[in-house]
1. Sort through B:28, B:10 and tell me the only one that's at the interface with another protein chain (Cβ under 10 Å from one of its Cβ atoms), exposed (fewer than 12 other Cβ atoms within 10 Å of the Cβ) and either at pLDDT below 80 or not in a strand (DSSP E or B) (or both).
2. Being assigned to a loop (DSSP other than H, G, I, E, B) and under 24 Å from residue A:244 (Cβ atoms) is the requirement here; does residue A:135 meet it?
3. Taking the conditions exactly as written (among the aliphatic types (A, V, I, L, M), in contact (Cβ under 8 Å) with a residue 40 or more places away in the chain, open to solvent by 30 Å² or more (accessible area, probe 1.4 Å) and away from chain B (no Cβ under 14 Å)), does residue A:131 satisfy them or not?
4. In the range A:153-193, what count of residues is obtained for those that are without any contact (Cβ under 8 Å) to a residue 40 or more places away in the chain, in contact with a strand residue (DSSP E or B) (Cβ under 9 Å, 6 or more places away or on another chain), within 12 Å of another protein chain (Cβ to nearest Cβ) and buried (at least 16 other Cβ atoms within 10 Å of the Cβ)?
5. Could you grab me the full set of residues in the range A:49-93 that are surrounded by fewer than 16 Cβ atoms within 10 Å (Cβ to Cβ) and not in a loop (DSSP other than H, G, I, E, B)?
6. Given the structure, is residue A:108 open to solvent by 80 Å² or more (accessible area, probe 1.4 Å) and touching a residue at least 24 places away in the same chain (Cβ under 8 Å)?
7. Could you grab me the full set of residues in the range A:194-210 that are buried (at least 17 other Cβ atoms within 10 Å of the Cβ), outside any strand (DSSP E or B) and not hydrophobic (A, V, I, L, M, F, W, C)?
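The values are calculated or read from the model by the stated rules, or taken from the named source; none is laboratory data. These figures come from a predicted structure and were not determined experimentally. As a convention, Cβ positions derive from the backbone with ideal geometry for all residues, glycine included, and neighbour counts pool all protein chains shown. In case anyone asks, the SASA skips ligands and DNA or RNA and just uses the protein heavy atoms, side chains included. Shrake-Rupley method; radii C 1.70, N 1.55, O 1.52, S 1.80 Å.
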Amino acid sequence: MAKVLCVTSGKGGVGKTTTTAALGAALAQAGEKVCVVDFDVGLRNLDLIMGAERRVVYDLINVTNGDAKLPQALIRDKRLENLSLLPASQTRDKDALTDEGVERVMGELREKFDWIVCDSPAGIERGAQLAMRHADVAVVVTNPEVSSVRDSDRIIGLLDSKTVRAEKGDHIEKHLILTRFDPARADRGDMLKVDDVLEILSIPLLAIIPESLEVLRASNVGCPVTLNNPLCAPSRAYIDAVRRLKGETVPMAIPSDRKSLINKLFTRRAA
Amino acid sequence: MSVLTFLKPRGSSSVARERLQLILAHERAENGRPDLIITLREEILNVIAKHVTVERDKVQIKLERGAGVSTLGVDIEFPVDTALKAKPKRATA
């Protein structure tokens, strides 16, 4: 049974595209057939983060409008054969997406893949609502910062009212991924704590992604962080998130790249 | 240690948490009836307009969202001659 997962947040710049690419790649590495879908029509970026920007021919709108068949628009990842990308259109605007077109394409994707990971545009308008419309699972990406938390609260409200599942009275699984978290600043009282955000949003925690240079490094080279450096702190957090999504019980941790003093000395001597 | 903790200034994150808790409680309550303030304003103005002439740009609406209660202040200014029919110079609803 295929699962449609929507990565959403309300606020822009919190890490939706990074998270979509990281979860998609980690799911594929765990043996699942995965398609990541960019719903950010007009401002596509998932192709760039996945390193497939030079291979885009057709896009989501071509497929929803019937100008191209789904298999023609899918871009197979060069590193993982069971990972595909359906890019967004860069030239059209979100009004070119029709409800019926999106419904048909999601149905076709469900037949081909185990997981369909949808990267939502920022905002709460039509584009964001279409991205979440057919979701079975939603991952709400939040930064430990007031405006991001407030926007996430709005998005949670929309997930509970505007999705097909909500309209049918079914349950929609919602998870929180807290990104750009800095444990030292939270300990000092200068950043919202994990428990503060959880108490306010009251949805279960899927992962805490620590602030890390590795995320920028991966986007520079066009590779999901979980493939670019699977051992770095953010990757370990995303890989744990995928294990939880697949039903495993994994203890929650905030991975760190900080080395102990002994470790540092040892690394220096070895190098 | 406890003295040090006591002297240390409180971090800004607790302020963030309290502000979020308050505003989200209000936003969740307002969800589904986003035009409540506008409806209240219109209905209050209509009641006042039955008795005195009210100029729309002489109306001030203030809303203060508090922890337990919110206060809605409607300040309506109207000319003295129309006010002669009604006694108070300014009505506050």
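1. Working: B:28 fails: exposed (fewer than 12 other Cβ atoms within 10 Å of the Cβ).
On inspection, the qualifying residue turns out to be B:10.
2. Details: assigned to a loop (DSSP other than H, G, I, E, B): yes; under 24 Å from residue A:244 (Cβ atoms): yes.
For residue A:135, the condition - assigned to a loop (DSSP other than H, G, I, E, B) and under 24 Å from residue A:244 (Cβ atoms) - is met.
3. Working: among the aliphatic types (A, V, I, L, M): yes; in contact (Cβ under 8 Å) with a residue 40 or more places away in the chain: yes; open to solvent by 30 Å² or more (accessible area, probe 1.4 Å): no; away from chain B (no Cβ under 14 Å): yes.
Considered against the rule, which asks whether it is among the aliphatic types (A, V, I, L, M), in contact (Cβ under 8 Å) with a residue 40 or more places away in the chain, open to solvent by 30 Å² or more (accessible area, probe 1.4 Å) and away from chain B (no Cβ under 14 Å), residue A:131 comes out as no.
4. 1
5. Our first condition is that a residue be surrounded by fewer than 16 Cβ atoms within 10 Å (Cβ to Cβ); within the range A:49-93, this holds for A:54-55, A:57, A:65-67, A:69, A:71-72, A:76, A:78-79, A:81, A:91, A:93.
Residues satisfying the conditions are A:54, A:55, A:71, A:72, A:76.
6. Numbers: open to solvent by 80 Å² or more (accessible area, probe 1.4 Å): no; touching a residue at least 24 places away in the same chain (Cβ under 8 Å): yes.
No, not satisfied.
7. Of all residues in the range A:194-210, those buried (at least 17 other Cβ atoms within 10 Å of the Cβ) come to A:194, A:196-197, A:200-201, A:203, A:205-210.
Filter once more, keeping what is outside any strand (DSSP E or B): A:194, A:196-197, A:200-201, A:203.
If the condition is that a residue be buried (at least 17 other Cβ atoms within 10 Å of the Cβ), outside any strand (DSSP E or B) and not hydrophobic (A, V, I, L, M, F, W, C), then A:196 is the only one that fits.
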